[in-house]
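This report refers to the structure that appears directly beneath it.
Just so it is clear, none of the values below were taken in a lab; they were calculated from the coordinates. What you are looking at is a predicted structure, and each value in this text was computed from that prediction instead of being measured. Cβ atoms come from the backbone with ideal geometry, glycine included; neighbour counts cover every protein chain shown.
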Amino acid sequence: MKKLFLFLFLISSVVNAQILNWTEKDDDGGSATEKKVVDINSDIQIKINSDSLARRMRSKTQLPKSFWDKVNKVSIALSKRKESLDKIKESNKNFKNLTNNTGSFAVYAKSIADAAEAPNAILDAAPEIADDFDDKLNKLPLNELATKSGQYGALFDAAQSLSEDLRKIIKDSISNQKILVQLGAWIVTKQGQTPIHLAGFDSLQKGDRYEVERFNFQLSDAQQQQLKTFSDLITDTNQNGKVTNQEVMQLVTDVFQNTATFKSLASLRDFAKNLVDKYKTQAPAVIAQVRPVFIDLQNYANSLKALGEKYKNPSSAQGMSSQQFLLQTQSDLSNLYNTTSRLIVDTLKNKYIPLVQKLANQAAGEIKTDLTALQTQLNGVVTGINSDLENLNTAKNELIGFFKGSSFDESTLQFSDLNTKLAFNALPQETEFSLKDTGFRQEGDFVIIKIGTSTGQNSTQTLETDRIYLFKVLPSVHTTVGVIFADPHSQTLPIKTVFQPAASYSFIMTGLFDKKLRRKSVSYNKYFGLGWGLNFASMDFNKDDVPELGVGLTVSLFKDWLQGGIGYNVPNDKRYWFFSVKIPLPTFSFGSVQTGGSN
């Protein structure tokens, strides 16, 4: 029974053997075969297993089932050639050790039977090779003819010749049926899907040449602006004494209320309220139409305040795991995004701005001036919130991707007229492409490779699809910008909080010791992403408003969502330890904003 199961398994393995085999060649001169992940700048060599491809097309060849059974059995037997000949050598060794002990003889007999299994399978599957087998036996030297190794070797040679004849029959049948083959590849990014040029298989052009930077020590313009924003907000928050010893989340709420968009919303709400109060007796008809602006803005402001109070309150996360807390954050972000979108698109942009403009055009004097000013403020708030919505949507999608991953329907990628339809006999056995010729890409993007067949004008039927993920596998450095919370280990400094916030940036190195793991696991690259490096912070331990340089060693986990380490305040000669958590709220992400080509 065990041998039957093993035989059925081997038959299935042969019939469903992989058609596409690929090898990665990276920039450091290394190579890896058929791993789930490749380095984002590597070259990919694709080889086509013609035998596997032919077997997958067996239903279209009109060759009988008995023929394919023979092909499969001979292929399995040939795959055991080395194993069988090794067993013959082992049996000869057992024969030399043979004694009168019956146990020794049993071992010898079993080794002979095992070695004969594959040759017997060949003779059972294809008795017609007997003449060729005799031919090859007659050509053996006498010293080899007398050995099992020589005899079995001749049988395998005969089987190999038969295999070539069977292969020719298959090729002729495929050609007669006019079965055509297409091979295609696509890179799938956040911007969409783009076909990749495969030499010999299409008439596509190479994509834009783009090399993802491996070692980046330069802050981008966006990061420099982000660093300035963090620094200004932290300075303002500290000067107003808003940081408490009890809750770091108090700082998060206060910083959120210090953002330009929040302040402009509050200013707009107050302006609308003053306008209502000023003209409620002089122009009641106008005010009746303007009052809903104030009411909607007040309701939105109240919802923001409630969200801030929720995360300010320590009991809001009581009894939750870290994952539950972050999932709740993601739900709140989705609700905030949808509420803000409705406020901008439905309420302000499409309803109130046209209304206020109409009222201003109809009015005269001072009320016209005030209505025009209200319209200007409405336009400014819409512009500001639109920008924040992009940041918020990015943070929301990042959290969704972190916990739920992303899906992609590979069937949406279809072969086009630019993918050449090739006859089986004219099919190139391999091709190669460079990821550097596929345009802009980021970590987490992936390549889809498909091979399919068609006849006549029929659409191509996909036989096999491979997906290869792109990450920074080789050692690389990227920069992050954010806010750290530092504990100065000092009782003498005039600091009112256990954790002082400080704007900072880090140089994070990845891929130094975990290259093999990065190639094996998509989840490791997407969710864990261990890194380490240097952190530089603008401290103010002595509260004199003069920046102090803090330099620290940091460890980064979960794709920079969490950082921590030890640091040294250079001017004050004080050590500190710090942590940084990436808080997914708009306009300030405590933790990291990455750069470096793919981040």
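With a 10 Å radius around each residue's Cβ, average the other Cβ atoms per peptide and rank 23-35, 39-51, highest first. Please list the in-between numbers first.
Numbers: 23-35: 14.6, 39-51: 19.9.
Highest mean packing first, the order is 39-51, 23-35.
Sort 117-124, 300-307 by the packing proxy (mean of other Cβ within 10 Å over each peptide's residues), most packed first.
Numbers: 117-124: 18.0, 300-307: 14.5.
Final packing ranking: 117-124, 300-307.
For the pairs 280/310; 25/178; 36/80; 349/436, flag any whose C-alpha to C-alpha distance is greater than 32 Å.
Details: 280/310 35 Å; 25/178 35 Å; 36/80 28 Å; 349/436 42 Å.
The pairs that break the limit, which is 32 Å between Cα atoms, are 280/310; 25/178; 349/436.
Taking R0 as 35 Å, what's the FRET efficiency between residue 128 and residue 432 from their Cβ-Cβ distance, rounded to 0.05? Each step should come with its number before you reach the end.
Numbers: r = 41 Å, r/R0 = 1.16.
Once the sixth-power term is evaluated, E becomes 0.30.
With an 8 Å cut-off on Cα pairs and a minimum separation of 6 or more residues, tell me the relative contact order of the range 526-579 in percent.
Numbers: 111 pairs, mean separation 16.8, N = 54.
Once normalised by length, the contact order is 31 percent.
With θ set to phi - 60°, apply the Karplus curve 6.51 cos²θ - 1.76 cosθ + 1.60 along the range 182-189 and write out the HN-Hα couplings as whole Hz, x wherever there is a Gly or Pro.
10, 10, x, 9, 9, 9, 10, 10
Obtain the radius of gyration and the Kirkwood radius of the range 406-539 from its C-alpha atoms and give Rg over Rh.
Details: Rg = 24.3 Å, Rh = 19.9 Å.
My calculation of the ratio gives 1.22.
May I ask you to order 409-416, 357-364, 292-299 by the average number of other C-beta atoms within 10 Å around their residues, highest value first?
On the way: 409-416: 12.8, 357-364: 14.2, 292-299: 17.5.
Ranked by mean Cβ neighbours within 10 Å, highest first: 292-299, 357-364, 409-416.
Can you work out ³J(HN,Hα) from phi for every residue in the range 361-371, in order, using Karplus 6.51 cos²θ - 1.76 cosθ + 1.60 and θ = phi - 60°, giving whole Hz and x for Gly and Pro?
Residue by residue, the range 361-371 yields 5, 8, 8, 8, x, 5, 5, 5, 4, 5, 5 Hz.
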